[in-house]
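The values are calculated or read from the model by the stated rules, or taken from the named source; none is laboratory data. None of these values were measured; they are calculated from a predicted model. Don't worry about glycine lacking a Cβ; one is built from the backbone with ideal geometry, like all the others, and counts go over all protein chains shown. Only protein heavy atoms, including side chains, enter the accessible area calculation; ligands, DNA and RNA are left aside. Shrake-Rupley method; radii C 1.70, N 1.55, O 1.52, S 1.80 Å.
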Amino acid sequence: MAKEIKTIAVLTSGGDAPGMNAAIRAVVRTAIYRGVKVKGVKKGYNGLLNEDIIDMEPRHVSDIIQRGGTVLGTARCLEFKKAEYQEKAAEICRKHGIDGIVVIGGDGSYRGAQALCRQGVNAVGIPGTIDLDIACTEYTIGFDTAVNTAMQAIDKVKDTSSSHERCSIIEVMGRHAGYIALWCGIANGAEDILLPENYDYNEQEIINHIIESRKKGKIHHLIINAEGIGHSTSMAKRIEAATGIETRATILGYMQRGGSPTARDRYYASIMGSYAVDIMLEGKNNRVVGYRYGEFTDFGIEEALQMQKDIDRYQYEVARRLTI
């Protein structure tokens, strides 16, 4: 029989993502609505190890749903990969009366949740990452806001690129995944889209495309480059030398993590936060929340971490067709 859950903790771990506050708010308010106490852990697993733990009431999550970042703070914690620190974290949970913990973050955060489960602490993960690189879910908190932020910035760079008849390389985030690059490449009408999942590092092909496009009368050339490929500045220098066309690199960087979350990120994060509490109180353990085929669902952490995710072949083919 599953242990009765009387107190739930919530933490955010790894990179921050717009919409995390909506998920925190939903966890806190759903738990209290269901008669369960809630504690907030500040600064991720680091804060758990340092016992940076606070009691949370509904007022603590008032007026945060529209804010970017995470009110609980986040940090990476390499120590948490070691068994002795995992054991220490479980002891701290027991000391503070924490029966279950909701972890909002990416796959690294899930591994931390998995470790806590092995130490006897119930844990449920919620996918919070702008990279959209968690295989068990079609949606991750923060992606929609990040891709819209990038799209708007790229539109602005494209305007000035056209004015000066330049080639622009714009590098977007995504770690080792190309989802932000793919979406922006299509949404911004890029001439070339470079994804770590597909790029063959044939710069001559890009150079030829730029030259042919200029012959056809195009006054600018937009290349969306994924973070997983990088080296945008040196690439720009090589392309300019080869084509004679002024080429500039713009790295959008951490602006993509910030800003007020979109309606979709607020809505989905709220449902996922509430869903995580509900399945925990139903007695489910060692789970992660996901969104697939139009429904919110959950998977075992072990299963979720073993899943593989790749760029949809048809979507990539569409992107290639539209760059002519």
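Kindly indicate whether any position in region 207-227 is over 15 Å from Ile180 (Cβ atoms), in a helix (DSSP H, G or I), of a type in the set (Ser, Thr, Tyr) and free of Cβ contacts under 8 Å to residues at least 12 places away in the same chain.
no
Which strands (runs of 3 or more DSSP E) sit wholly inside region 108-200 and have at least 1 residues that are within 17 Å of Val289 (Cα to Cα)?
122-127
May I ask you to list the residues in region 1-60 that are in a strand (DSSP E or B) and closer than 16 Å to Pro127 by Cα? Give the derivation first.
Narrowing region 1-60 to residues in a strand (DSSP E or B): 7-12, 37-41, 53-56.
Answer for region 1-60, where residues must be in a strand (DSSP E or B) and closer than 16 Å to Pro127 by Cα: Val10, Leu11, Thr12.
Restricting attention to region 73-87, report how many residues are over 17 Å from the mean Cα position of the chain (by Cα) and either acidic (Asp, Glu) or crowded, with 16+ Cβ neighbours inside 10 Å (or both).
Within region 73-87, the subset over 17 Å from the mean Cα position of the chain (by Cα) is 77-87.
Keeping just the survivors that are either acidic (Asp, Glu) or crowded, with 16+ Cβ neighbours inside 10 Å (or both) gives 77, 79-80, 84-87.
Going through region 73-87 one residue at a time, the tally reaches 7.
Could you check region 15-43 and list, in sequence order, the residues that are of a type in the set (Gly, Ala, Ser), at pLDDT 95 or above and under 16 Å from the mean Cα position of the chain (by Cα)? Don't jump to the end; show me each part of the working.
From region 15-43, those of a type in the set (Gly, Ala, Ser) are 15, 17, 19, 22-23, 26, 31, 35, 40; that's our starting set.
Subset that is at pLDDT 95 or above: 17, 19, 22-23, 26, 31, 35, 40.
Those that are of a type in the set (Gly, Ala, Ser), at pLDDT 95 or above and under 16 Å from the mean Cα position of the chain (by Cα): Ala17, Gly19, Ala22, Ala23.
Being in contact with a strand residue (DSSP E or B) (Cβ under 8 Å, 6 or more places away or on another chain), over 11 Å from Ile101 (Cα atoms) and open to solvent by 10 Å² or more (accessible area, probe 1.4 Å), is that true of even one residue in region 17-30?
Taking every residue of region 17-30 in turn, none turns out to be in contact with a strand residue (DSSP E or B) (Cβ under 8 Å, 6 or more places away or on another chain), over 11 Å from Ile101 (Cα atoms) and open to solvent by 10 Å² or more (accessible area, probe 1.4 Å).
Okay, residues lined up against (1) closer than 26 Å to Asn202 by Cβ; (2) outside any helix (DSSP H, G or I); (3) basic (Lys, Arg):
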{"position": "Ser234", "(1), (2), (3)": "yes, no, no"}
{"position": "Arg238", "(1), (2), (3)": "yes, no, yes"}
{"position": "Ala242", "(1), (2), (3)": "yes, no, no"}
{"position": "Ala249", "(1), (2), (3)": "yes, yes, no"}
{"position": "Asp265", "(1), (2), (3)": "no, no, no"}
{"position": "Ala269", "(1), (2), (3)": "no, no, no"}
{"position": "Tyr275", "(1), (2), (3)": "no, no, no"}
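Given the options Ala242, Ala146, Ala187, Ala150, name the one that is open to solvent by 10 Å² or more (accessible area, probe 1.4 Å), closer than 30 Å to Ile65 by Cβ and modelled with pLDDT of 95 or more.
Working: Ala242 fails: closer than 30 Å to Ile65 by Cβ; Ala146 fails: open to solvent by 10 Å² or more (accessible area, probe 1.4 Å); Ala150 fails: open to solvent by 10 Å² or more (accessible area, probe 1.4 Å).
Being open to solvent by 10 Å² or more (accessible area, probe 1.4 Å), closer than 30 Å to Ile65 by Cβ and modelled with pLDDT of 95 or more holds for just one of Ala242, Ala146, Ala187, Ala150, which is Ala187.
Are any residues in region 294-318 without any contact (Cβ under 8 Å) to a residue 60 or more places away in the chain, among the aromatic types (Phe, Trp, Tyr) and over 23 Å from Leu195 (Cβ atoms), and if so, which ones?
Phe296
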